[in-house]
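So the structure is just underneath, and the comments pick up after that.
The values are calculated or read from the model by the stated rules, or taken from the named source; none is laboratory data. Not measured: the values here are computed from a predicted model. Here the Cβ positions follow ideal geometry from the backbone for every residue, glycine too, while neighbour counts run over all protein chains shown. Heads up: the accessible areas ignore ligands, DNA and RNA and are worked out on the full protein's heavy atoms, side chains in. Shrake-Rupley method; radii C 1.70, N 1.55, O 1.52, S 1.80 Å.
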Amino acid sequence: MLFRPIAQRIFFFLIVALLLVTTGKDWFDFYSCGAVGQCLSDAGVLQLYTKFAMSFLLTVLAFMATSRAFSPRDAKFLRIAFVFSLLADFCFSKLKILVPDAASLSTVLGIVFFMAFQTVLIYRHSRVSETDSKFPKAYWLLVVVTLVAVILFATGVVCLTVATVLAYAAFVISSTVVGILAPGKGYYPAPNASLIRWGMVAFFFGDVLVGLAMLSGEDHSTVQTLAEIANNFIWWVYVPAQLMLIRGAIKSEK
């Protein structure tokens with residue numbers, strides 16, 4: 001079992017239940033509306049609540065489960081990362097409900113918070129010892145990419161949303177590479193390193209689905225259909241990714 005204390009099991013099963021409700025409603029809406037973006041958006045309000053609820057429960061679970069972390073310092077970084085993740089999901093879900101006319105702003109803010117999430121994970125996963133506090137080399141690349149994105153936006157080459165997406169792509173790719181390579185350098189126990197690697201791979205493919213879901217085309221078009229199908233699979237990748245990252249911090253009981 002991924003999580004042993006009864007309270008953590010309850011949170012785990014609540015997340016699974018919300019995932020099933022979200023999935024059922026997503027596909028029911030797709031069956032009812034077809035690939036019509038506005039219809040699906042109007043029908044998908046419930047999912048905004050259930051997705052944020054899952055994000056909240058995952059964050060609470062991260063704080064609870066890491067009380068049994070193999071490293072208190074590693075647990076601290078994971079908790080900080082999950083706070084940024086929760087803020088990102090708040091922007092993607094609750095902020096869209098609270099400020100429906102600011103959809104672009106909520107998207108940009110959500111991506112920025114996920115950039116912070118990936119920044120913390122890069123620092124967490126690049127460490128090779130308990131006292132390691134070096135500046136990750138990947139950060140230099142991210143500074144350059146962020147500056148390029150700012151310049152592209154400031155000069156009117158791309159809009160703010162596109163500039164933010166381009167910058168985030170560098171963050172998630174860098175974080176995935178670090179998450180795959182760095183945990184194998186001896187600091188993380190082998191089972192934890194494996195969970196972190198697979199968690200980051202899953203998170204990367206979840207973001208690929210998010211990118212596909214952001215595509216837009218004419219109603220009932222192939223592009224719009226692809227976007228809606230991708231949207232309905234995001235959380236089936238996102239939730240396992242988050243759970244593996246949490247479990248990767250916990251001390252093995254064997």
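A compact table of results
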| quantity | calculated |
| --- | --- |
| Flag for residue 241 being closer than 23 Å to residue 105 by Cα and within 16 Å of the chain's Cα centre (by Cα) | no |
| Residues of the stretch 124-167 classified as closer than 25 Å to residue 103 by Cβ, among the hydrophobic types (A, V, I, L, M, F, W, C) and open to solvent by less than 30 Å² (accessible area, probe 1.4 Å), total | 3 |
| Residue 174, sole failed condition from (1) in contact (Cβ under 8 Å) with a residue 40 or more places away in the chain; (2) under 22 Å from residue 59 (Cα atoms); (3) of a type outside the set (D, E, K, R) | (2) |
| Residue in the stretch 195-210 that is more than 26 Å from residue 107 (Cα to Cα) and over 15 Å from the mean Cα position of the chain (by Cα) present | yes |
| Residue in the stretch 76-99 that is open to solvent by less than 50 Å² (accessible area, probe 1.4 Å) and on the phi > 0 side of the Ramachandran plot present | no |
| Counted residues, the stretch 211-225 - those being assigned to a helix (DSSP H, G or I) and either modelled with pLDDT of 95 or more or surrounded by fewer than 14 Cβ atoms within 10 Å (Cβ to Cβ) (or both) | 2 |
| Matching residues, the stretch 15-58, being among the β-branched types (Val, Ile, Thr) and either farther than 26 Å from residue 84 by Cβ or surrounded by fewer than 17 Cβ atoms within 10 Å (Cβ to Cβ) (or both) | 16, 21, 23, 36, 45 |
| Residue check, residue 228 of a type in the set (Asp, Glu), within 30 Å of residue 162 (Cα to Cα), at pLDDT below 95 and in a helix (DSSP H, G or I) | yes |
| Residue check, residue 25 basic (Lys, Arg) and over 21 Å from residue 114 (Cβ atoms) | yes |
| Residue within the stretch 181-192 that is surrounded by 21 or more Cβ atoms within 10 Å (Cβ to Cβ), not charged (D, E, K, R) and not in a helix (DSSP H, G or I) present | yes |
| Lone unmet requirement of (1) closer than 30 Å to residue 15 by Cα; (2) among the hydrophobic types (A, V, I, L, M, F, W, C); (3) open to solvent by 30 Å² or more (accessible area, probe 1.4 Å) for residue 170 | (3) |
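One line per residue, one yes/no per condition, for (1) modelled with pLDDT under 95; (2) open to solvent by less than 60 Å² (accessible area, probe 1.4 Å); (3) of a type in the set (A, V, I, L, M):
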{"site": "177", "(1), (2), (3)": "no, no, yes"}
{"site": "204", "(1), (2), (3)": "no, no, no"}
{"site": "234", "(1), (2), (3)": "no, yes, yes"}
{"site": "242", "(1), (2), (3)": "no, yes, no"}
{"site": "249", "(1), (2), (3)": "yes, yes, yes"}
